[in-house]
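**Q** Handing you a structure now.
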Amino acid sequence: MLNRWDDAEAARWADLGDLGEITYGSRLVGADPALVLHGGGNTSIKGHSTDAWGEPVPTLWVKGSGWDLATIEPPGFAPLRLEPVRRLAQLPKLSDTEMVNQLRIGLLDASAPNPSVEAILHALLPHRAVLHSHADAVLALTNTADGDAKVRELWGDRVVVVPYVMPGFDLARRCADEWRAQAHDRTEAMVLLNHGIFTFGQTTRQAYDSMVDAISEAEQCLAEAGVPSFGETGDDSLPEELWGSAGSAAPTQGEHESIAGLRAAISVAAGAPMLLRAVRDERADAFCARDDVASVACRGPATPDHIIRTKQFPMVGRDVDAFVEDYRAYFERNSARHDEHGAQTALTMLDPAPRVVLDPQLGLWTAGCRAVDCDIAADIYLHTIDVICAAEALGGYVALSEADLFDVEYWELEQAKLARAGTPAALAGQVALVTGAASGIGQAAAAALASQGAAVVGVDLDEGPGRAAGSTRRHVIADVTDPDDMAIALQEAVECFGGVDIVVAAAGIFGPSAPLAALAGCDVEEPDASEADRSSHLDPERTDAEGTAFRVRDATLELRAEWQQTFDINVSGTANTIAAAHRLLRHSPTGGRVVIVGSKNVPAPGRGAAAYSASKAALTQLARVAALEWAGDGITVNVVHPDGVFDTGLWSDELIAERAAAYGLTSEQYRKRNLLGRELSSADVGALIAQMCGPAFAHTTGAQIPQDGGSDRVV
């Protein structure tokens, strides 16, 4: 393991004293995904603070619940009165709920986060600085049939070995007992079987160096046994190349529909729409292709706290019903044991949907209500694969018993969190494809959908909002008039989110602004010219009449090309988009929804805007046909007709002035030429589109919704 301690960097935290020291060391631990992942692990430091009377108080600063070691700040540590916390370990028993209460009573700052559930254990250890990680290399040793023996063979009596005990009060008591029985002056670490490792010292640097030394010894042991070394990326986020469409074994178009169906089945099992994300990684592909994958993968997680993110085991294959049946049986077996122990409240079964899918053909996929949940499950399972493969090479991977796993999954503290969980966002777990997403109404619609929890794939010829790992936004540069481009955009939606629930067709252009008669060349008779002659009007020796004729001809050809382009983008492009998306929309767990951006020009066309008005009318008719044809698939198709949305790419100051002049208005008057006298923005239209994709419009299809401030030509 690489030692990343940097004295110069550590010195930058020195002004913060004890808190600065432990913050820097904690970030080093959190930055290495081979040590901890997504909120895992905890750290502490002991020192003195001053109370309201100016008297020194022995203090334990311990990582607060909800903080991630990789990014923790000094406020992320909960300051506790050290001695009262130590005394809690003398109690014969203490429920975890009451333990949390007692720890909050012991806080020196009422606004601090809840202390880690392992705060009592940190308080009992006699060292000033304590670091705890779930190192892959340590788990590879402990998660074997003779893990205890392997640990003792490697480290001898330099480590205290603690059998698995569930985190919380009981673990603190057991560690205290084992410390008294095994610790001595040369003790360097404490290894918790099937859980992780603690290192310590009088300084955070000493505790960190001990962590590096211990993990390095474990890695060396694995290397000598022929186990490949664990990678060190120094980054706890899932690398971009490991998710989405960038990796190997991407599904074919023929498989996209089956993946959308798989996502729908998982969503039904979860009781809510879920995202499904591909993880493209050679390790994962090889693991999924193992003959014994069902055996090794279904023995349990590498460390029990991962069960909250990945369930007790992954789904191998695509039989969601069988997975759900097995999960219900698992719950019934173990909840009965819970009831026999005199629990005060009945357990609430968590949703039985899988969070990790392993399939020999499709590879590794992860499911979650949010994209970040998919990423976390992917991160964890890639490391689980490393641990399983390493442990198998050492003689066989052995996880905790079913009872132990259940106790963590249904821990009273987790059940309390479930009871306090808020209502998810209206469109959480749903996927929207938005064309024209780089600007104007399309961009506003994408933002509005994302704000309501949807995962969004934007499509445009121009660059749009990018995404970081865990983001719910993707952007594909594509031409809606090109079916191949749209196939790529839909593949992105399937790979990143598992399908499509919503399509917003906002891509469009205004087209030529000219009288309809201009399509005929303004009745100017053009000479019969060859292809070479058509460009020769620039020849200065031509007569004015000849030059005028050819200029008119070229202007007419250009106008006709613009007319056709307007129909290609506004009508054919939308037809391409929604037709290609149909096979995914019909598998939406919430029912597919299509919103077409039309125009007030459909019921009330404008002079000089024939191409735009006619194309939007054709587009509206297309939407009506789709509403008729797709209702049987549970897909709604509705149209919004905005007008006067001047903050979009369709409009420029020059065009506004030109259109205003056609109506005998100033530009300012033209912007508010509606009954309400209000200017409409793209954000207003985006907000309405998001509502049209929500439950309020679940029973509406084939509708045309005006959003124009009121028009005396329409009402």
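**Q** Name the residues whose placed amide hydrogens come within less than 5 Å of the amide hydrogen of G64, ignoring near sequence neighbours (fewer than 5 apart) on the same chain.
**A** Here the answer is F77, A78, since their amide H atoms fall under 5 Å of that of G64.
**Q** Let me ask another. Determine the calculated [θ] at 222 nm for the chain from helices alone, applying -39500 (n - 2.57) to every DSSP H run no shorter than 4 residues and normalising by the residue count; nearest 500 deg cm²/dmol.
**A** So the helix-based figure for the chain works out to -13000 deg cm²/dmol.
**Q** Same structure, new question: Contour minus end-to-end for D7 and A272, with contour as 0.36 nm per residue of separation and end-to-end as the Cα-Cα distance?
**A** The span from D7 to A272 would gain 90.5 nm if fully extended.
**Q** Work out from phi, with θ = phi - 60° and the Karplus expression 6.51 cos²θ - 1.76 cosθ + 1.60, the ³J(HN,Hα) of each residue of region 31-36, listed in order in whole Hz, and give x for Gly and Pro.
**A** Values, residue by residue: 6, 9, x, 6, 9, 9 Hz.
**Q** Right, another one. To make sure I understand the rule: partners must be lysines, Cα under 24 Å from the Cα of K46, and not fewer than 8 residues away in the same chain. Which ones qualify?
**A** Within the straight-line limit of under 24 Å, K46 reaches these lysines: K63.
**Q** Between region 590-622 and region 443-495, how far is it from one alpha carbon centroid to the other, in angstrom?
**A** So the separation of the two Cα centres works out to 23 Å.
**Q** Still on this structure: Projecting each Cα onto the charge dipole of region 264-420 (Lys/Arg +1, Asp/Glu -1 at the beta carbon, about the Cα centre), which of P304, G395, C369 comes out farthest on the positive side?
**A** About the Cα centre, the residue reaching furthest to the positive side is C369.
**Q** Calculate one ³J(HN,Hα) per residue across region 663-680 by plugging θ = phi - 60° into the Karplus curve 6.51 cos²θ - 1.76 cosθ + 1.60, and present them in order as whole Hz with x for glycine and proline.
**A** 9, x, 10, 7, 4, 5, 5, 5, 5, 10, 7, 9, 4, 7, x, 10, 7, 9
**Q** Right, next: Can you give the relative contact order of the chain as a percent, counting alpha carbon pairs under 8 Å and 6+ residues apart?
**A** 10 percent
**Q** Non-local amide H neighbours of V316 (under 5 Å, H modeled in plane, Pro and chain starts lacking H): which ones?
**A** L358
**Q** How many nm is it between the label spots at A517 and V625, if each spot is 7 Å from the Cα in line with the beta carbon?
**A** Those two pseudo-labels are separated by 3.3 nm.
**Q** Among the lysines, which have Cα under 21 Å from the Cα of K600 when same-chain residues fewer than 8 positions away are ignored?
**A** Partners within reach: K616, K672.
**Q** As an exercise, use a Förster radius of 25 Å and the Cβ-Cβ distance of H699 and A425 to find the FRET efficiency, rounded to the nearest 0.05.
**A** The value I calculate is 0.75.
**Q** First measure r as the distance between the Cβ atoms of A149 and S111, then evaluate 1/(1 + (r/R0)^6) with R0 = 51 Å and state the FRET efficiency to the nearest 0.05.
**A** 0.60
**Q** List the residues, sorted by chain then number, that are 5 or more residues from I705 or on another chain and whose placed amide H is less than 5 Å from its amide H.
**A** Here V639, V640, H641 satisfy the definition.
**Q** Sticking with this structure for a sec: Rounded to the nearest 0.05, what FRET efficiency is calculated for S401 and W651 with R0 set to 45 Å and r the Cβ-Cβ distance?
**A** Calculated value: 0.10.
**Q** Could you work out how much longer the chain between E558 and Q361 gets when fully extended? Use 0.36 nm per residue separation minus the Cα distance between them, nm to one decimal.
**A** Gain on stretching E558 to Q361: 65.8 nm.
**Q** Pulled fully out, how much extra length does the chain show between L16 and D170, if you take 0.36 nm times their separation in residues and subtract their Cα-Cα distance?
**A** Between L16 and D170, full extension yields an extra 52.1 nm.
Quick note: the coordinates plus some simple rules give every number you see, no bench work behind them. Quick caveat: nothing in here was measured; it's all calculated off a predicted structure. With ideal geometry, Cβ positions are generated from the backbone for all residues, glycine too; neighbour counts draw on all protein chains shown.
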